[in-house]
Amino acid sequence: GDEDEFGGRRAMGGASGRVPLGIKRKRLRVLVTGGAGFVGSHLVDRLMERGDSVIVVDNFFTGRKDNVVHHLGNPRFELIRHDVVEPILLEVDQIYHLACPASPVHYKFNPVKTIKTNVVGTLNMLGLAKRVGARFLLTSTSEVYGDPLQHPQVETYWGNVNPIGVRSCYDEGKRTAETLTMDYHRGAGIEVRIARIFNTYGPRMCIDDGRVVSNFVAQALRREPLTVYGDGKQTRSFQFVSDLVEGLMRLMEGDHVGPFNLGNPGEFTMLELAQVVQEVIDPNAKIEFRPNTEDDPHKRKPDISKAQQLLGWEPVVSLRNGLPLMVTDFKQRIFGNQREDSA
Ligand code: NAD
Ligand code: UDP
Ligand code: UDP
C-alpha cells in the first residue's frame, strides 16, 4: 500500500539533497499550492530533484503549465487544476502554501478574490493539514509591514498597514492568513512555518505582471523607456529566486515556526535599480517618470538575523549576478518564439 509507493527509503546525497551522502531519508509527499507560478515552479524543481512526490494545485490565474511542463509524465509528479478557495481532499506529508497572486497589478485586479484566496484558501489548506497531520508552510510577505516605520524590518515589528486601501486585500489578507496559521498551530497542534518573503525576481516571472524588475528588464530588452514611478527614491531589496527556495526548504525542514524574513538585505532605490538594468542590458535605455500608485511603501529592507541564526540561511546571489540569469529567460520568451504574450 502506501508504504511501497511513498515510504520507500532512498539514499540522498550531493548538492541537491543537502543531506550527507549515505543518510537515508523518507520520500515525502509534498503539496505545493501555486506550484505553477514563478516561485512555486522553482520550488517544485528542487523537490523533484530531491526525490519527493510532488502534487501541484493551481488555478492558473497567474501561473502557467509551461513552468512545470518538464515534470509532466514523471510518475512522482501530479498537476491538479483547482482553486484553493474550494475544499480538496489529498493525502500529503508537507504543504507549501503559495497560492495567491503576488504582483500588485494581479492582486488588485479582483481584490475580493484575493482576500478569499488568502483567507478561505488558507483555511482550507490548514483544514487539510489538520486532517492528515501534514506540516504546513505559509508564504507570507514583507507587505505585512505595510509602509514601515521601522527600518530595516525585524520580525517583531507589527507593521503599519492601511486596512481600507487598495493594497489591503493583499496585506490584510496575508496578515489574516498568518493569524489563521498560528491559531491552527495553537488550537489544533498543527506543525506550521511562516515565511515573510521580500521582493523576489528571476526566470519565469510573468513578463507583463507589472512588478518593477520584470517591467524594467522587459522594457530594456524591447528598447522601451524604463518606467520609474514617483520620484524613484523609494527602496526595495531584491532577492534571487534560488536563494528564496533554499530558505523556504530550510524553514520547512527546520524546527522553528517563525515568522522568518526571507529576503536579500541589499537595498536599492528604483533609480538605482534602473541603473543596474542599464549596466546589465542596455546602457542607452531611457528613464521615464510616471505617477506612483496609491499607498506605495517608501522603503523596505529585511533584517535577516533570525534566519541567519536559526536556519543558517542567507542569500548568496547579488542583484548584479542575478539579473543576467533572468535576462536569458526573458530574451527567450520575448523574442524566441516571435511573440510577446507568452506570459
Ligand atoms: P505567482 O503569481 O507567480 O504565483 C502564484 C500562483 O498561485 C500562480 O500559479 C497562480 O495561478 C496560483 N493561484 C493564485 N490564486 C489561486 C487560487 N485561488 N487557487 C489556486 N491557485 C492560485 O506569484 P509568486 O511570485 O510565485 O508568489 C508565490 C507566493 O509567494 C505568493 O503567495 C506570494 O504572495 C508570495 N510572495 C511572493 C513575493 C515575490 O516577490 N515574488 C514576495 C512576497 C510574497
Ligand atoms: N478542508 C479541506 N480538505 C481537508 C480538510 C478540510 O479542504 O482535507 C477544508 C474544510 O472544507 C473546511 C476547512 O478546510 O472548510 C477547515 O477545516 P476544519 O476541519 O479545520 O474546520 P471545519 O470543517 O470544522 O469548519
Ligand atoms: N515601480 C516602478 N516602475 C514600474 C513598476 C514598479 O518604479 O514599472 C515601483 C513601485 O512604485 C514600487 C517598486 O517599484 O515602489 C516595487 O514595485 P513592485 O510592484 O515590483 O512590488 P511591491 O514591492 O510594490 O509589491
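The values are calculated or read from the model by the stated rules, or taken from the named source; none is laboratory data. None of the values given here were measured: they were computed from a predicted structure. Cβ placement follows ideal geometry from the backbone for every residue including glycine, while neighbour counts extend to all protein chains displayed.
Counting only residues that are within 24 Å of the chain's Cα centre (by Cα) and farther than 18 Å from Gly266 by Cα, which one in the stretch 228-242 is farthest from ligand 1 (Cβ to nearest atom)?
Val228
Kindly list, by first and then second residue, each pair from a residue in the stretch 218-231 that is within 18 Å of Leu323 (Cα to Cα) and of a type in the set (Gly, Ala, Ser) to a residue that is within 16 Å of ligand 1 (Cβ to nearest atom) and not in a helix (DSSP H, G or I), limited to pairs with Cβ atoms under 6 Å and residues at least 6 apart or on different chains.
Ala218/Ile207
Confirm whether Pro283 is over 23 Å from the mean Cα position of the chain (by Cα) and more than 30 Å from Pro163 (Cβ to Cβ).
Answer is yes for this residue.
Yes or no: the stretch 288-298 includes at least one residue that is out of contact with any Ser or Thr (no Cβ under 8 Å at 6 or more places or on another chain) and basic (Lys, Arg).
No - not one qualifying residue is present in the stretch 288-298.
Between Gln309, Gln239, Gln332, which is more than 30 Å from Arg29 (Cα to Cα) and among the polar types (S, T, N, Q)?
Answer to the check: Gln332.
I need the full set of residues from the stretch 66-105 which are farther than 23 Å from Gly247 by Cβ, within 16 Å of ligand 3 (Cβ to nearest atom) and either of a type outside the set (A, V, I, L, M, F, W, C) or not in a helix (DSSP H, G or I) (or both), in order please.
Correct list: empty.
Within the stretch 203-218, take every residue that is of a type in the set (Val, Ile, Thr) and within 10 Å of ligand 3 (Cβ to nearest atom) and give me the one that is surrounded by the fewest Cβ atoms within 10 Å (Cβ to Cβ).
Val213
Hey, Arg25 hits all of (1) touching a helix residue (DSSP H, G or I) at 6+ places or on another chain (Cβ under 8 Å); (2) in a helix (DSSP H, G or I); (3) at pLDDT below 95 but one; which does it fall short on?
(2)
Can you pull out every residue in the stretch 217-240 that is part of a helix (DSSP H, G or I) and in contact with a Ser or Thr (Cβ under 8 Å, 6 or more places away or on another chain)?
Within the stretch 217-240, Gln219 is the sole residue that qualifies.
Which ones in the stretch 160-195 are small (Gly, Ala, Ser) and part of a loop (DSSP other than H, G, I, E, B)?
Within the stretch 160-195, Gly165, Gly189 qualify.
Using the structure shown, decide if Val44 is buried (at least 19 other Cβ atoms within 10 Å of the Cβ), of a type in the set (Val, Ile, Thr), within 16 Å of ligand 3 (Cβ to nearest atom) and in a helix (DSSP H, G or I).
Answer is no for this residue.
Within the stretch 136-154, track down each residue that is more than 18 Å from the chain's Cα centre (by Cα) and touching a residue at least 24 places away in the same chain (Cβ under 8 Å).
Correct list: Asp147, Pro148, His151, Pro152, Gln153, Val154.
Check Val212, Val257, Val192 and return the single one that is more than 17 Å from Leu311 (Cα to Cα), touching a strand residue (DSSP E or B) at 6+ places or on another chain (Cβ under 9 Å) and of a type in the set (Val, Ile, Thr).
Answer to the check: Val212.
Residues to consider are Thr179, Thr122, Thr141; find the one that is surrounded by fewer than 18 Cβ atoms within 10 Å (Cβ to Cβ), out of contact with any Gly (no Cβ under 8 Å at 6 or more places or on another chain) and among the polar types (S, T, N, Q).
After ruling out the rest, the residue left standing is Thr179.
Among the residues of the stretch 158-165, are any within 12 Å of ligand 1 (Cβ to nearest atom) and not charged (D, E, K, R)?
Looking for residues that are within 12 Å of ligand 1 (Cβ to nearest atom) and not charged (D, E, K, R), one finds none in the stretch 158-165, hence no.
State all residues of the stretch 41-93 that are among the hydroxyl-bearing types (Ser, Thr, Tyr) and farther than 20 Å from Met252 by Cβ; if no residue qualifies, say none.
Listed by number, the list holds a single entry, Thr62.
Scan the stretch 66-82 for residues that are surrounded by 14 or more Cβ atoms within 10 Å (Cβ to Cβ) and of a type outside the set (S, T, N, Q) and report the count.
Counting residues in the stretch 66-82 that are surrounded by 14 or more Cβ atoms within 10 Å (Cβ to Cβ) and of a type outside the set (S, T, N, Q) gives 8.
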